[in-house]
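All remarks here apply to the structure that follows.
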Amino acid sequence: MTSNPSLPVRPLPTAQRRFPWHHFSMRFSSTPRGARLARRLAGERFDAWGIPYGSDTHDALTLIVAELSANAVCHGLAPGRDFRLCVSAEGTALRIEVTDTRGERIPVLTEPSDDLHGDGGRGLVLVAALADRWGWYPCTDGPGKTVWAVLGTRPARRLDSRAHPLPPTVLAPGSVLPGVGEGV
């Protein structure tokens, strides 16, 4: 019998690990009801993974899921097509990905209008303020794009009206983000 060579071992992050690896993925109808269900199910997952309801981190993660899901419904809607939510936790970071079928509608961070009663223009500003990093990449297996955000499990940053969020990062599909792990 021949011996198999040792498999490569992925190095562990130097920061103390909070999670074993967790993953949740589901498709939702591109409707307000689908976006609401995505937010609620993601909140359940976060609580089950040890991020309790009412904590700053849970609230920030749930808000990011809500905004990205609402954007998929409002701006990524193609008749008869769903959107997909993927949430992954590894080490001390959580990654949220929302995929829709409108690849030509690229997310752009814009300054919200001064009209507090107007709709729109604030979702990606909130995501940029709450997440450690965010960006998007085009789908390789069909039409569409994936918008992602990564947040460490430290207490969430508070919104500061003076802060100017950084523009999104565009990554090629399958790229590795530091602190999140390969293929997450």
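For this structure, a couple of remarks:
- Whole-Hz ³J(HN,Hα) from phi, Karplus 6.51 cos²θ - 1.76 cosθ + 1.60, for the stretch 142-150, glycine and proline x: x, x, x, 8, 10, 9, 10, 8, 10
- Working from label points 7 Å from Cα in the Cα-to-Cβ sense, the Ala48 to Asp132 distance is 2.4 nm.
- As computed over the stretch 32-138, the Cα convex hull volume per residue (Å³): 120
- Multiplying the residue separation of Cys139 and Ala78 by 0.36 nm and subtracting their alpha-carbon distance yields 20.5 nm.
Read-outs: derived from the displayed coordinates by stated rules, not from any lab. What you see is a predicted model; the values in this text were computed from it and never measured. Glycine also receives a Cβ, built like all others from the backbone with ideal geometry; neighbour counts cover every protein chain displayed.
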